[in-house]
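Single-structure report; data block below.
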Amino acid sequence: MGAIQAQDFAMAKWAIGQRIPDTTQISIETAYDAGDIIRTHLMRPTWHLVSSDDIYWMLELTAPQIRRILKTNDKRLELTDQLFVKTNTILEKVLSNECSMTRDELVQEFENVHVRTDENRLSHILMHAELDGVVCSGPIRKNKITYALLSERVTQKKTYTREEALIELAGRYFSSHGPATLRDFIWWSGLGITEARKALEMIKTGFHQETIGTDIYWFSEPMKYDRNVTPTVHLLPAYDEYLISYANRSAALAVVNNKKTISDNGIFRPVIVINGQVEGLWKRTTIKNLVKIETSHFQLHDPETVNGIKMEASRYGIFLDKKIELIIQDLSLS
């Protein structure tokens, strides 16, 4: 995948669980705590989960574009390059010797040296430290995220030339997200048009292409579709790559259902995907060892599809190691 969007951390773990058979929340958290999976800001920018093998080269490739995006707000908040040098030094000092700290603890450290963290300044300070390769995610502590030094979390540094990194990123995207267009890749990666087009040009001989209207779609394998197979059902997490990684989502999400699925301020809701199409929404409520799943649907479904929803809810319960109570709303069985 290259990277998985992860501002909703709990849902991002399920995004991995959807794609790796027999994975559990515990196994993912174990890998995360060990530093095999890193959560940091990349590409557009927003939180992403990325393999420790890829963190350095992906940061080096995408950090410059994120810094440009942040400049306006940095100036409004009176955050300067000189201040970021100071805050990076503070972070290196307090997090050394494999220490990790929560946001609240870091706020206290900055306040001790009279560095303001109000009005979203802390988020900018920490994001710049991530982009500079100073900090990254640390182990989860009492259900709170922490920060740690990247150099201590990931000691083996894999680097590429910029051209090699472009080839690697484009290859990852089109092999895992295809069929997709150049415009989709630009949206997902945050790269400029010139570099994104260059990246595609360097890898396209290894991919298939199809033209639909004025769009050229690139993908790694020719696909066959059997309409007689059992319906496929997925309870996909909020901000899942299946939707969020494309500039044009109409192949999976009907325009009439767009506002039900994606809010005006860009919040992507958890979706029910049936045979590749977004057909409803779901939400979860956790009460101790019980997870209540409530579904709502855009249209009626037959009993076979409903059974698929039940099986998918059960699979989510196994992933969490919790009991599931499924409530299917707005649905009349035909």
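The values are calculated or read from the model by the stated rules, or taken from the named source; none is laboratory data. Computed from a predicted model, the values in this text were never measured in an experiment. Here the Cβ positions follow ideal geometry from the backbone for every residue, glycine too, while neighbour counts run over all protein chains shown. In case anyone asks, the SASA skips ligands and DNA or RNA and just uses the protein heavy atoms, side chains included. Shrake-Rupley method; radii C 1.70, N 1.55, O 1.52, S 1.80 Å.
Of note:
- From the coordinates of this entry, Kirkwood radius over Cα pairs in Å is computed, and it appears in (1) 20.6; (2) 21.7; (3) 23.0 under the label (2).
- Stokes-Einstein diffusion for the stretch 3-107, with the hydrodynamic radius set to the Kirkwood value over Cα pairs and evaluated at 20 °C in a medium of 1.002 mPa s, equals 136 µm²/s.
- Neighbourhood net charge (14 Å Cβ-Cβ; Lys/Arg +1, Asp/Glu -1) for K71: +1
- Three-way shape label, the stretch 252-301, alpha-carbon gyration tensor, a/c 1.5: oblate
- Axis of helix 9-19 versus longest Cα principal axis of the chain: the two differ by about 50°, to the nearest ten degrees.
- Highest mean packing comes first when the peptides 151-158, 135-142, 118-125 are listed by Cβ atoms within 10 Å, giving 135-142, 118-125, 151-158.
- Segment I212-T24, extension gain: residue separation times 0.36 nm, minus the distance between their alpha carbons: 63.8 nm
- Cross-link check: pairs K13/K144; K13/K283; K13/K142; K13/K292 evaluated at a Cα-Cα cut-off of 23 Å; no pair lies beyond the cut-off.
- Note on the chain: helix-only mean residue ellipticity at 222 nm, from DSSP H runs of 4+ residues weighted -39500 (n - 2.57) and normalised by residue number, equals -13000 deg cm²/dmol.
- Given R0 = 45 Å, the distance between the Cβ atoms of T205 and N307 translates into a calculated FRET efficiency of 0.55.
- Cβ-Cβ FRET estimate between K93 and K142, R0 fixed at 30 Å, reported to 0.05: 0.80
- For the stretch 96-184, dividing the convex hull volume of the Cα atoms by the residue count gives 166 Å³ per residue.
- Here the translational diffusion coefficient of the stretch 191-247 follows from Stokes-Einstein with Rh set to the Kirkwood radius across Cα pairs; for 10 °C and 1.306 mPa s it amounts to 109 µm²/s.
- Pairs of C-alpha atoms in the stretch 251-334 farther apart than 17 Å represent 49 percent of all such pairs.
- To the nearest ten degrees, helix 162-177 and the longest principal axis of the Cα atoms of the chain are 30 degrees apart.
- A straight Cα-to-Cα reach below 19 Å connects K322 with the aspartates and glutamates D22, E29, E294, E312, residues fewer than 8 places away in its own chain not being considered.
- Accessible surface of the stretch 184-319, 1.4 Å probe, proportion on carbon and sulfur as whole %: 54
- FRET efficiency estimate (nearest 0.05) - Cβ-Cβ, L300 to I327, R0 22 angstrom: 0.85
- For the chain, the per residue solvent-accessible surface stands at 52 Å², with DNA, RNA and ligands left out and a 1.4 Å probe.
- For the stretch 13-107, the fraction of 1.4 Å probe accessible surface lying on carbon and sulfur atoms is 50 percent.
- Estimated inter-spin distance, K224 and N258, nm [label 7 Å along Cα→Cβ]: 3.5
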